[in-house]
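The values are calculated or read from the model by the stated rules, or taken from the named source; none is laboratory data. Small disclaimer: the values here were computed from a predicted structure and weren't measured. Here Cβ is always computed from backbone atoms with ideal geometry, including for glycine, and neighbour counts include all displayed protein chains.
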Amino acid sequence: MATLRQGERARFVQTMFARISERYDLLNAVMSLGRDQNWRRLAARLAAPTPVKLGLDVATGTGDLAVALAERAEQVIGLDFCTPMMEMGESKTSFRRAKDKISLTTGDALGLPFADDTFDCATIGFGIRNIDPPLEAFKEMHRVVQSGGKVVCLEIMRPPKGPVGGLYRLYMNMIVPTLGKWLAKDGEAYRYLSDSVFNFFNPEELKNLMQEAGLKNVRYITLNLGALAIHVGEK
């Protein structure tokens, strides 16, 4: 895929996710071997180690992280700029069970439509790679979280060096686009996924970016042999 400028990339990503919205959850489950929901639940626990009143899930997509966060918050707002993805989320059994605790809204992660210090915590799962520039999204999450609140990011990392990284690159280059072509009928979208991972940060670089956004005590844990990381920062 050719390099896209900021506005072009946003339009491409929005259109792409609308195209694959019906198969997005299926591909996530297949590519993660069914572990993606466990990762989201862990991210939610790190965002809200004890129950909170109000949480925010940015780039909520089909709402799985918002559902996980709703187990630990009285109310959750999920925000995304791709309405078809959120519509798919609302149709799921897991979402309907938690619907009284979750509100979805269309919005831009680079300009969150909320006042300063509104939320007890904020999460973003598998979304920060698709936001340009990611620093501004973290600044916005920092702004809307209350003092002492946590900002948590679950994301696929750039492949590490060495044999494990080599296998990871092979998987992302060959297997992921093939799965996308077979199961989602959209190889281009899952080629974009691979390209976005290879052009993304490693865990330490993402930690530095969150610190640059103003977050404190930023730390992370890696999962799946370093293929993913959950970063936690505090306001």
Residues of the range 90-112 being assigned to a loop (DSSP other than H, G, I, E, B) and touching a residue at least 12 places away in the same chain (Cβ under 8 Å), which ones?
LYS92, ALA98, GLY107, ASP108, ALA109, LEU110, GLY111, LEU112
Members of the range 35-62 that are under 13 Å from the mean Cα position of the chain (by Cα) and β-branched (Val, Ile, Thr):
VAL58, THR60, THR62
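Table: residues versus (1) under 17 Å from LEU33 (Cα atoms); (2) in a helix (DSSP H, G or I); (3) in contact (Cβ under 8 Å) with a residue 60 or more places away in the chain.
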{"residue": "LYS161", "(1), (2), (3)": "no, no, no"}
{"residue": "MET174", "(1), (2), (3)": "yes, yes, no"}
{"residue": "THR178", "(1), (2), (3)": "yes, yes, no"}
{"residue": "GLU188", "(1), (2), (3)": "no, yes, yes"}
{"residue": "VAL232", "(1), (2), (3)": "no, no, yes"}
Inspect the range 41-55 for any residue being in a helix (DSSP H, G or I), of a type in the set (A, V, I, L, M) and modelled with pLDDT under 90 and give the result as yes or no.
no
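Every residue, every condition in (1) in contact with a helix residue (DSSP H, G or I) (Cβ under 7 Å, 6 or more places away or on another chain); (2) of a type outside the set (Phe, Trp, Tyr), yes or no:
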{"residue": "TRP182", "(1), (2)": "no, no"}
{"residue": "TYR192", "(1), (2)": "yes, no"}
{"residue": "PHE200", "(1), (2)": "yes, no"}
{"residue": "GLU204", "(1), (2)": "no, yes"}
{"residue": "GLN211", "(1), (2)": "no, yes"}
{"residue": "TYR220", "(1), (2)": "yes, no"}
{"residue": "LEU225", "(1), (2)": "yes, yes"}
{"residue": "HIS231", "(1), (2)": "yes, yes"}
Here's a check for you: in the range 143-159, which residue that is outside any strand (DSSP E or B) and either within 16 Å of the chain's Cα centre (by Cα) or among the polar types (S, T, N, Q) (or both) is modelled with the lowest pLDDT?
ARG158
Somewhere in the range 191-199, is a residue surrounded by fewer than 19 Cβ atoms within 10 Å (Cβ to Cβ), of a type in the set (S, T, N, Q) and in a helix (DSSP H, G or I)?
yes
Taking first residues from the range 7-36 that are at pLDDT below 85 and second residues anywhere that are acidic (Asp, Glu) and not in a helix (DSSP H, G or I), the pairs with Cβ under 6 Å that are 6 or more apart or on different chains are ARG9/ASP132
